[in-house]
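I have placed the structure first, in the form of structure tokens, so that the comments after it can refer back to it.
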Amino acid sequence: MNAPLTLVIANKNYSSWSSRPWLALTELGIAFQERLLKFDSQDWARNIATLSPSRLVPVLWEGEPGKGFATFDTLAIIERLHELFPDRGIWPQDAKARARARSLAADFHAGYRALRGAMPMNLRSSYPGKGMSREVAQDIERLTAQWSGTRREFGAGGRFLFGAYCAADAYFTPVASRFVTYGVALEGEARSYQETLLGTASFAGWRAAALAETEFVAADEPYAQPR
């Protein structure tokens with residue numbers, strides 16, 4: 001039997017990396033406890049060293065947080081979940097589909113820096129037109145082409161990239177939300193996939209909690225009016 005899981009995360013309005021394992025766990029029905037450490041809070045200052053070996057979030061604890069076994073970094077957490085729950089659909093069952101799903105997640109994890117830097121996740125705000133540049137547009141074009149091509153090649157029998165929901169879909173859900181925040185209009189297959197991601201129950205739960213947050217983190221609000 002696996003030890004109880006606790007996922008250490010940060011603000012749901014801002015922390016896209018925290019959202020990815022949270023969404024996968026929630027959508028796939030894997031039981032876990034949430035430990036929320038708000039950025040720039042006393043709770044963060046007091047506990048981040050104990051709860052995160054990297055001093056970053058997210059962190060997955062097996063057993064008691066701070067004393068059990070920790071896996072840190074979003075992609076490493078996804079892989080650990082696949083090892084713990086091989087039958088829950090973290091990655092697709094088909095070997096080639098699984099390799100493609102891992103490739104897409106790793107590609108986004110390491111790349112798309114223009115998009116990630118200029119359009120940070122922010123579910124409470126709306127900044128249409130902000131953050132767009134030639135480099136960002138190129139990132140968006142490449143990413144949406146990957147979405148459309150993967151869905152056509154592997155998505156038969158379902159609405160997600162590989163038919164059934166998997167970690168790759170969790171990876172791209174916060175990206176789909178960015179396109180709403182910054183007014184990026186998608187078309188065709190990419191728009192259909194975006195709507196599918198934003199219609200999941202897991203994202204609805206995450207978004208509702210994000211909208212209830214009131215903390216303002218200046219580092220994550222490059223387009224907000226000064227306070």
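The values are calculated or read from the model by the stated rules, or taken from the named source; none is laboratory data. This one's a predicted model, so the numbers in the text were calculated from it and none came from an experiment. Here the Cβ is made from the backbone with ideal geometry for all residues, glycine too, and neighbour counts use every protein chain on show. Just the protein is used for accessible areas: all its heavy atoms, side chains included, with ligands, DNA and RNA removed. Shrake-Rupley method; radii C 1.70, N 1.55, O 1.52, S 1.80 Å.
Some notes on this structure:
- Candidates R98, R46, R55, R80, filtered to the one that is free of Cβ contacts under 8 Å to residues at least 24 places away in the same chain, under 19 Å from L161 (Cα atoms) and open to solvent by 10 Å² or more (accessible area, probe 1.4 Å): R98
- Here region 113-132 is the region considered, the condition is being assigned to a loop (DSSP other than H, G, I, E, B), free of Cβ contacts under 8 Å to residues at least 60 places away in the same chain and on the phi < 0 side of the Ramachandran plot, and the residue that is surrounded by the most Cβ atoms within 10 Å (Cβ to Cβ) is M132.
- The number of residues in region 16-37 that are closer than 15 Å to F172 by Cα and among the small types (G, A, S) comes to 4.
- Single residue of region 141-165 satisfying the filter (of a type in the set (A, V, I, L, M, F, W, C) and out of contact with any helix residue (DSSP H, G or I) (no Cβ under 6 Å at 6 or more places or on another chain)) that is modelled with the lowest pLDDT: A156
- In region 83-93, the qualifying residues are those that are part of a loop (DSSP other than H, G, I, E, B) and without any contact (Cβ under 8 Å) to a residue 40 or more places away in the chain, and the one that is least open to solvent (accessible area, probe 1.4 Å) is P86.
- Candidates A185, A110: the one that is among the small types (G, A, S), open to solvent by 70 Å² or more (accessible area, probe 1.4 Å) and either within 15 Å of the chain's Cα centre (by Cα) or modelled with pLDDT of 95 or more (or both) is A185.
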